[in-house]
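First the structure, in the form of structure tokens, and then the observations on it.
Only the coordinates and a few stated rules stand behind these numbers; no lab work does. The structure presented is a predicted model; accordingly, all values stated were derived computationally and were not measured. Ideal geometry is used to build each Cβ from the backbone, glycine not excepted, and the neighbour counts take in all protein chains shown.
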Amino acid sequence: MFQSLHPNIQLRIVIQFLSKVVSSMIFPFIAIYYTEKFGASIAGVLVLVNVIVSFLAGIYGGHLTDVFGRKKLMVIGESIKLVAQVGMVIVNSPWLQSPISMYVLILVTSITSGLIAPASEAMLVDVSTEENRSFMYSMTYWTTNVSLLIGMTIGGWLFQSHLMELLLALVLLSIVTWFITWRFISETYQPTEKKTQIGLRDVLRKYREVAQDRRFLLFTIGGILILGIEFQRTNVISVHMANEFVATNFFGTAMDGVKALSLMTAINTLMVIFFSVPVGQWLNRFTSTGILYVGFLLFGAGYALNAVAVHLPLIIGATILLTIGELIYTPKRQAIMAQMMDYEKRGSYLAFNGIIFQLGKVVAAMTLMFSHLVSTMVVGLSIFGLAIAGSFFTYVALRKE
């Protein structure tokens, strides 16, 4: 079925896989570099600034891709990124060591990645169909998880001792990405606006129009609540397991709460890797949105159980349950979202949807704030309540007027 996808989709999936393999060898560990060079306090500020700047770049990039088209923005962004990454090699070479320059260049890379992302996502929507979108998103979801697993495993071993070599690999891959994008990716969107509108007022106007789309706004709120569940893993659930887990022996290995959390993550990742594509093909059979709510509720139930579980068998069972829900809802929600977007504002719609990740983290943080005031059962019910609320907002957004 992969061969039936548009050539742009095939190329972007391959490019994204290779790019994430190499980039995840470096950037998930970059806080270690900052801490060694600047100290822990400053490192935290640098990471926060990078996240904020990248998010704002994505917002602006969503507008720019609707003004200039997809390919032009991607080629310009990849060109700037390549120059910045060459600079990163230079400032980490045996002849020159400049941590401040390294940070500035990483910031430039984050900005260009933020600018490129909405164009890349909008291009996938442009050339996909209602029939193959669930499969396409299952493929991108699968490649993301596999590439992260490979990249972070290698990076964990090589980052501190072979940073220079990893940066060289990043540059070589960026050259390949730039060439493929320039030579083989075709333009999929020709802007209809004759006047170039790239000022702050134009950006705010475009996003105000998106926010006034009541159905999409409700759909986004539903997404925020569902993502608020996923981020519980690194908030409430991690604290719960560290403090409450009943130590046990698992195939000869002494298991504490932290190891149980790692096992939970490993099970989730491996299930996504092995089952994303077949589940994506299976989802193509469903034309109604009912299966989406099934995914939401299974996802919420699994996380709710993990928020109260203290024994390993229940944690494993709950993790399998939440992963089944994740495999169902993730590609289905993306496919439905693609149908809701105005063709001439797809970049802005996709960038607007990007806030679900940031606000989802806020929801998870708020849950952690009140968790010590109530019982674990109340916390678990609250997490499942997020799944119900997310399903409700999504249902209201999708119901027939």
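Go through region 76-85 and count every residue that is closer than 12 Å to Ala117 by Cα and either β-branched (Val, Ile, Thr) or touching a Leu at 6+ places or on another chain (Cβ under 9 Å) (or both).
1
Residue-by-condition table, conditions (1) of a type in the set (A, V, I, L, M, F, W, C); (2) surrounded by fewer than 24 Cβ atoms within 10 Å (Cβ to Cβ); (3) more than 28 Å from Glu121 (Cα to Cα):
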{"residue": "Ser288", "(1), (2), (3)": "no, yes, no"}
{"residue": "Leu327", "(1), (2), (3)": "yes, no, no"}
{"residue": "Ile355", "(1), (2), (3)": "yes, yes, no"}
{"residue": "Met366", "(1), (2), (3)": "yes, yes, yes"}
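Test Arg208 against the criterion of being under 20 Å from the mean Cα position of the chain (by Cα) and either assigned to a helix (DSSP H, G or I) or within 30 Å of Pro313 (Cα to Cα) (or both), and give yes or no.
Working: under 20 Å from the mean Cα position of the chain (by Cα): no; either assigned to a helix (DSSP H, G or I) or within 30 Å of Pro313 (Cα to Cα) (or both): yes.
In short, no.
How many residues are closer than 15 Å to Gly302 by Cα, in contact with a His (Cβ under 9 Å, 6 or more places away or on another chain) and aliphatic (A, V, I, L, M) if we restrict to region 340-393?
So the count comes out to 1.
Which count do you get for residues in region 13-61 that are outside any helix (DSSP H, G or I) and polar (S, T, N, Q)?
At the first step, the residues of region 13-61 found to be outside any helix (DSSP H, G or I) are 24-26, 39.
Among the residues that remain, those that are also polar (S, T, N, Q) are: 24.
Selection size over region 13-61: 1.
It is to be established whether one or more residues within region 144-154 are in a helix (DSSP H, G or I), within 23 Å of the chain's Cα centre (by Cα) and under 23 Å from Val67 (Cβ atoms). Show your work before the answer.
Of region 144-154, the ones in a helix (DSSP H, G or I) are 144-154.
If we keep only those that are within 23 Å of the chain's Cα centre (by Cα) too, we end up with 144-154.
Now restrict to residues that are under 23 Å from Val67 (Cβ atoms): none.
No, every residue in region 144-154 fails to be in a helix (DSSP H, G or I), within 23 Å of the chain's Cα centre (by Cα) and under 23 Å from Val67 (Cβ atoms).
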